[in-house]
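**Student:** Sharing a structure here in C-alpha cells format.
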Amino acid sequence: MAKLFILSAPSGTGKSTIAGKLLQQIEGIRKVITATTRKPRPGEREGVDYLFMSREEFEKGIEKGLFLEHANVYGNYYGTPKDQIERNLREGYDSLLVIDVQGAFKVKKLYPDAVSIFLLPPSLEELKRRMVGRGYRDSNAQERLSTARGEIPCARKFDYVIINDFVDKAVEQLKSIILASRCERENTLKNLRNLLHNEELIELVEGGECYVKET
C-alpha cells in the first residue's frame, strides 16, 4: 500500500535539500512537484523543482479544482496538484510532499493516514544565516524569521520531528522513518501477497493461530 509522506518546515530550514538527497537514496517514492507562481531561482528546473505557472494559469487551476490545497505565501501562490498523488497511489509509489506548514495541515486533514515530518533548524541564528545565504534581503529574512517563530511551535502536531543540524544525518533519519512506515503491520498485511511468495507462510500469517494468549 503506497503512503503519503509530508515534509514540512519553516522557509530556509533545508527541506528541499533533504528531500533531494533522500530521493537519490531510496526507491519506490516520488516527489510531488509543487506548482507556484513565483519566479525560478538560479538552478531550478521546470517539472523537477517546481511547476512554474503564471498567476492567471494558477487561478484557472483553482477554479477547475486541480489542487489538493493551495495558499498565498509571501505574495506568490503555491499548490499541490491532485493528479500526481492520485497517480502515485494508483501505481503503487509512495509520495513525498515538500510543503509549508499551513499546507501540511490541510493535506493531513484530507489524508489522515499520511505520515507528517517536521524539520527544525538547529537555532534561529542558523536559520537566519541560511536565509541570507539564499539571497534574501535583510527585510525579507526578518519577515520569514518572524513567520518561522509562529511555525516552529507547530512541530508538536507532527508525527515526527527531525533537527537539521547536519544534512546527511537528517537524510538518514528521514529515510529511517519512511522504511519503518513501510513495515507497519497494517501496511504489510494489506500488501502481503505482493511481499511474500510462499503460500504456506501467507496462510499462517493470515489465518494461523498465535500460540501466545494475550493477557
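The values are calculated or read from the model by the stated rules, or taken from the named source; none is laboratory data. Note that this is a predicted model, so its numbers are computed, not measured. No Cβ is skipped: glycine too gets one built from the backbone with ideal geometry, and neighbour counts run over all protein chains shown.
**Student:** For residues that are in contact with a Lys or Arg (Cβ under 8 Å, 6 or more places away or on another chain) and assigned to a strand (DSSP E or B), scanning just segment 79-96, find the one that is surrounded by the fewest Cβ atoms within 10 Å (Cβ to Cβ).
**Tutor:** 94
**Student:** If you go through segment 190-197 one residue at a time, do you hit one that is in contact (Cβ under 8 Å) with a residue 40 or more places away in the chain, part of a helix (DSSP H, G or I) and within 21 Å of residue 17 (Cα to Cα)? Before you say what the answer is, go through the steps one by one.
**Tutor:** Just the residues of segment 190-197 that are in contact (Cβ under 8 Å) with a residue 40 or more places away in the chain, to begin with: 190-191.
So of that shortlist, the ones also part of a helix (DSSP H, G or I) come out as 190.
Still in the running and within 21 Å of residue 17 (Cα to Cα): none.
The answer is no; no qualifying residue exists.
**Student:** Hey, another quick one. May I ask you to verify whether residue 56 is at pLDDT 95 or above, farther than 24 Å from residue 111 by Cβ and out of contact with any helix residue (DSSP H, G or I) (no Cβ under 7 Å at 6 or more places or on another chain)? Walk me through it before giving the result.
**Tutor:** Details: at pLDDT 95 or above: yes; farther than 24 Å from residue 111 by Cβ: yes; out of contact with any helix residue (DSSP H, G or I) (no Cβ under 7 Å at 6 or more places or on another chain): yes.
Considered against the rule, which asks whether it is at pLDDT 95 or above, farther than 24 Å from residue 111 by Cβ and out of contact with any helix residue (DSSP H, G or I) (no Cβ under 7 Å at 6 or more places or on another chain), residue 56 comes out as yes.
**Student:** Further question: Working only within segment 146-176, note down all residues that are among the charged types (D, E, K, R) and either assigned to a strand (DSSP E or B) or more than 20 Å from residue 26 (Cβ to Cβ) (or both).
**Tutor:** Within segment 146-176, 149, 151, 156, 157, 165 meet the criteria.
**Student:** Under 9 Å between Cβ atoms, at least 6 apart or on separate chains: pull out the pairs that start in segment 159-178 with a residue that is without any contact (Cβ under 8 Å) to a residue 12 or more places away in the chain and end on any residue that is exposed (fewer than 12 other Cβ atoms within 10 Å of the Cβ).
**Tutor:** Note: pairs meeting the criteria are 172/25.
**Student:** Same structure again: Among the residues of segment 73-85, is there at least one that is at pLDDT 95 or above and of a type in the set (A, V, I, L, M, F, W, C)?
**Tutor:** No; the residues of segment 73-85 include none that is at pLDDT 95 or above and of a type in the set (A, V, I, L, M, F, W, C).
**Student:** Right, something else. Among the numbered criteria (1) within 23 Å of residue 27 (Cα to Cα); (2) at pLDDT below 90, which one does residue 179 miss?
**Tutor:** (2)
**Student:** Still on this structure, please answer the following. Going through segment 47-72 one residue at a time, which ones are closer than 21 Å to residue 86 by Cα and part of a strand (DSSP E or B)?
**Tutor:** Matches in segment 47-72: 50, 51, 52, 67, 68, 69, 70, 71.
**Student:** Looking at (1) buried (at least 18 other Cβ atoms within 10 Å of the Cβ); (2) small (Gly, Ala, Ser); (3) over 20 Å from residue 90 (Cβ atoms); (4) at pLDDT below 95, can you tell me which one residue 61 breaks?
**Tutor:** Of the numbered conditions (1) buried (at least 18 other Cβ atoms within 10 Å of the Cβ); (2) small (Gly, Ala, Ser); (3) over 20 Å from residue 90 (Cβ atoms); (4) at pLDDT below 95, the odd one out for residue 61 is (4).
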